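In what follows, a single structure is set out as structure tokens and then discussed.
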Amino acid sequence: MSRWYITVSIPYVNAAPHVGYALELIQADALARSHRQAGDEVRFLGGTDDHALKNVIAAEAAGLAPTELVATNGDRFLRLAEALGISFDDFIRTSSDVRHAPGVERLWRRTAERGDFYRDLYEGQYCVGCEQFYAARDLIDGCCPEHTTTTEWVSEENWFFRLSRYTEQIVEAITSGTITIEPECYRNEALAFLASGVQDISVSRSQRRARGWGIAVPDDPDQVIYVWWDALANYVTALGYGTNDGAFQKWWLGADERVHVIGKGILRFHAVYWPALLLSAGLPLPTRLYVHPYLTAEGVKISKSAGNGPDPAGLVDAYGADALRWWMCHEVPPSTDADFSVERLVARANEDLANGLGNLASRVAAMVIRFRGGAIPSPTRQLDAEQARLQQSVAALEQALRQRIDAFDFRAAALSITDVVGSLNRYIERIRPWQLAREEKGQPPADPHELDQVLGLLAQIVGQVADAATPLIPEGAERLRHQIGGSGVDVQPTFPRLEVTAPKTT
């Protein structure tokens, strides 16, 4: 048994969540559930990033105080997680959680003690959407490469962090595997950035430009701690770093795996900036970064600002959490953006869940009811060669899923389930249990033990498939276990066929 601390990135809450963020929640939740299922200790953290300037701007546009806006929108992110069945153990809000500010201040002071801060004038192109400065070479036609919006020229005196001091240590951590980055293409991207010549970074903003929103720099109240420093610290402040170190001792210092699940757009912050801050503070590094691509709509990245994606909560209302979770796992490649549409969501759910896994369970349940009055028989004979192969493939399924999830390849994990379902359906078509019952007139009496063997094995295997599928579709897996359980069976479909409706957009 090992100890896993798993986190997702905390999003800005300037608007309602979009369906792309649901991808990160689902993947991280599948990872957490997989390791709980293996008997590992798991702590799974989510939260909201409240101190962004874009949150202040959104609040002003809505005629609200920033505290009111982040509370309202933060609730929407939490409700989305609940609708998707995300198994968070903790949820932190950086503006209101009493654990956060003391931990940020402690981290700042530890870094200051190392002599890693200095004041300097900064001039550069700034994207409010990213809360990030960009070098001219990084802009695309003068626009932010992430948001494709025009940056603004900013000139002010800030506190700087000596990022360049830690470049070699971070390169060594990544190349040695101290920090594993999956998929490999993102590891290569992080190393390329480090090789390009890392500069020191600005880590504070003036109170004036921050509009008084954020955590003041210790001993310099005219400056606010840069939102990314503030946000990254949540991974340790949520454990009581700066307030009560008990959970921090257990889950950061004592964890076997410290895991961040993030989108590719914030790789630099987690693969370079965050490790440097931890090195400066004398704290252990994360052990794994799992990086996911983006969802697009007709080839364009889905984002809150673009408003070009369906409301994920609306998708769950219309089609259920299982359908959305399954699509995210089955259709999103490890390192390539995936184009999302409601039509694709419905088609995949119908093919794999309704017609595949759900139909398999319903067929088995119907035969148990028809031939054994709803009582699941127990196999009494030694398995033949084909039955033994089926049982072995299913017995290996849970471990195969765990390995594929740990490789951050959810598509392969989902395909391993559909492969087994296909094998079981082919077995049913070949063995034809209804013929083993020999109900036709003039047929010799059937051997009841032969039919019991087949039906009992099929029911047992469906239950094993449900257990294996739990990290990906926990609600549907629970319904499958109820449909074919020890006390009997139910023919009601676990996964009904879906029809395309018109869900609301964000």
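The values are calculated or read from the model by the stated rules, or taken from the named source; none is laboratory data. Just so it is clear, the structure is predicted and the values come from calculations on it, not from any experiment. A quick note on method: Cβ atoms are made from the backbone with ideal geometry, for glycine too, and the neighbour counts reach across all protein chains shown.
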*Could you check how many residues of the stretch 317-364 are touching a helix residue (DSSP H, G or I) at 6+ places or on another chain (Cβ under 6 Å) and over 23 Å from Asp409 (Cα atoms)?*
3
*asked:* Among the residues of the stretch 334-345, are any modelled with pLDDT of 95 or more, part of a helix (DSSP H, G or I), crowded, with 17+ Cβ neighbours inside 10 Å and among the basic types (Lys, Arg)?
replied: no
_Just to be sure before I move on: is Arg288 more than 17 Å from the chain's Cα centre (by Cα) and among the charged types (D, E, K, R) in the structure I sent?_
no
*Got a sec? Which of Gln399, Gln382 is over 24 Å from Ser87 (Cα atoms), out of contact with any Cys (no Cβ under 7 Å at 6 or more places or on another chain) and not acidic (Asp, Glu)?*
Gln382
*Can you tell me which residues in the stretch 165-186 are surrounded by 13 or more Cβ atoms within 10 Å (Cβ to Cβ), within 23 Å of Ile262 (Cβ to Cβ) and of a type outside the set (A, V, I, L, M)?*
Tyr166, Thr167, Gln169, Thr178, Thr180, Glu182, Pro183, Cys185, Tyr186
_Single unsatisfied condition, Asp89 versus (1) surrounded by fewer than 19 Cβ atoms within 10 Å (Cβ to Cβ); (2) in contact with a Ser or Thr (Cβ under 9 Å, 6 or more places away or on another chain); (3) without any contact (Cβ under 8 Å) to a residue 60 or more places away in the chain_ = (2)
*Please state which one of Asp230, Asp256, Asp245, Asp317 is of a type in the set (Asp, Glu) and buried (at least 22 other Cβ atoms within 10 Å of the Cβ).*
Asp230
*Just checking, which of Arg348, Arg402, Arg426, Arg432 is of a type in the set (D, E, K, R) and touching a residue at least 40 places away in the same chain (Cβ under 8 Å)?*
Arg402
*So which residues in the stretch 263-291 are surrounded by fewer than 23 Cβ atoms within 10 Å (Cβ to Cβ) and not in a helix (DSSP H, G or I), if there are any at all?*
Gly263, Gly282, Leu283, Pro284, Leu285, Thr287, Arg288
*Can you find a residue in the stretch 349-357 that is polar (S, T, N, Q), at pLDDT 95 or above and closer than 30 Å to Glu189 by Cβ?*
no
*asked:* Give me the residue from the stretch 44-86 that is acidic (Asp, Glu) and surrounded by fewer than 16 Cβ atoms within 10 Å (Cβ to Cβ) and, out of that set, nearest to Asp29 (Cα to Cα).
replied: Glu82
*Got at least one residue in the stretch 304-313 being in a helix (DSSP H, G or I) and crowded, with 19+ Cβ neighbours inside 10 Å?*
yes
*Among the numbered criteria (1) of a type outside the set (D, E, K, R); (2) touching a Phe, Trp or Tyr at 6+ places or on another chain (Cβ under 6 Å); (3) without any contact (Cβ under 8 Å) to a residue 60 or more places away in the chain, which single criterion is violated by Pro284?*
(2)
